[in-house]
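The values are calculated or read from the model by the stated rules, or taken from the named source; none is laboratory data. What you are looking at is a predicted structure, and each value in this text was computed from that prediction instead of being measured. Backbone-built Cβ (ideal geometry, glycine too); neighbour counts: all protein chains shown. The area values use the complete protein model at the heavy-atom level, side chains included, leaving out ligands, DNA and RNA. Shrake-Rupley method; radii C 1.70, N 1.55, O 1.52, S 1.80 Å.
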Amino acid sequence: LVKAVIFDLDGVIVSTDEYHYRAWKHIADDESIYFDREYNDRLRGVSRKESLDIILKNANRSYTLREKEELLLRKNDLYRKYLEELSHKDILPYVVRTIKMLKENGIKIAIGSSSKNAKFILSKLGLDDTFDAIIDGTMIEKSKPDPEVFLSASNLLQVNPNECVVVEDAIAGVESAQQAGMQVIGVGHAVIGTNITYKVENLRNIAEIIQEITEN
Ligand code: B16
Ligand code: MG
């Protein structure tokens, strides 16, 4: 039985993954560190701090804690500038329809994001009052692939993990959901190599997939 669907935010509800990429690319270029879209896929679902550590693996010198703090601030400032421009029209295709369908069927919905900017993004999209629960990067100790974010969401919803379905675009997020004992629907190119049953390009057929999971 499916009683709740927990959505990842960046890359599932909205294409902020592209803005993360541009902001990190800017930082990497300034520091003369190699960075491309393939590297960016490794940052999906991973916290800001851990993302920087992954990027700095390509640097030819080491960075002090203070320098790292400064880079993190700069990256977030750049990223927030992109976020300022967000509005309802940036919600990805089929998202609004999916949310409506789930609500009509009495299925609870939540957000499970590693981002500390999640609430700001949701308000920009006009989705602040849409979800039954929101767990974001400010509320967790361990980022994806740790299951904490999704377990906290199911806890807040008061739904058993095995009755939750997670919708994710990141390998780290898929692992997180699997460790939480939840079903996963993978979205987009980054999860193609994972061993999950359901992989989609967008949320178009989510209703049918949830129906299938319910019947199994
Ligand atoms: P912030 P999600 C994640 O969000 C992003 O996928 C990841 O790229 C980012 O580093 C992380 O949030 C932290 O974001 O810098 O805004 O705190 O996909 O879990 O919704
Ligand atoms: Mg994501």
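Per-structure values
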item: Two-site label geometry, Leu1 and Arg80: point separation in nm, points 7 Å out along Cα→Cβ; result: 4.4 nm
item: Dipole of region 1-137 [Lys/Arg +1, Asp/Glu -1 at C-beta], most positive-end residue of Leu73, Ile107, Ser62; result: Ile107
item: Cα pair distances exceeding 20 angstrom across region 53-178, given as percent; result: 55 percent
item: Overall Cα dimensions of region 106-216, principal axis frame, Å, largest first; result: 33, 29, 26
item: Among Leu52, Val95, Ile206 - extreme Cα towards positive end, dipole of the chain, charges at beta-carbon; result: Leu52
item: Region 66-135: GluC sites (Glu not before Pro) in DSSP loop, at most 10 other beta carbons within 10 Å; result: Glu85
item: Estimated FRET transfer efficiency (Asp36, Asn160; beta-carbon r; R0 41 Å; 0.05); result: 0.50
item: Cβ charges +1 (Lys, Arg) and -1 (Asp, Glu), total dipole of region 125-216, debye; result: 240 debye
item: Kirkwood hydrodynamic radius (C-alpha pairs) into Stokes-Einstein, the chain, 10 °C and 1.306 mPa s, D in µm²/s; result: 91 µm²/s
item: Accessible carbon and sulfur surface of the chain relative to its total accessible area, %, 1.4 Å; result: 46 percent
item: Rounded to the nearest 20 debye, dipole of the chain from Cβ charges on Lys, Arg, Asp, Glu; result: 260 debye
item: Two-site label geometry, Ile213 and Thr64: point separation in nm, points 7 Å out along Cα→Cβ; result: 4.8 nm
item: Prolate/oblate/rounded label for region 136-183 (Cα gyration tensor, a/c 1.5); result: oblate
item: 10 Å Cβ shell holding at most 13 others, DSSP loop, trypsin sites (Lys or Arg not before Pro): longest site-free stretch of the chain; result: 62-141
item: Projected area averaged over orientations for region 28-86, convex hull of C-alpha atoms, nm²; result: 4.3 nm²
item: Mean accessible surface per residue for region 39-182, computed with a 1.4 Å probe while every protein chain stays in place, in Å²; result: 51 Å²
item: Leading residue at positive end of dipole, the chain (Cβ point charges), from Asn162, Phe150, Gln183; result: Phe150
item: Student exercise, region 38-86 dipole from Lys, Arg, Asp, Glu Cβ charges, in Debye to nearest 20; result: 140 debye
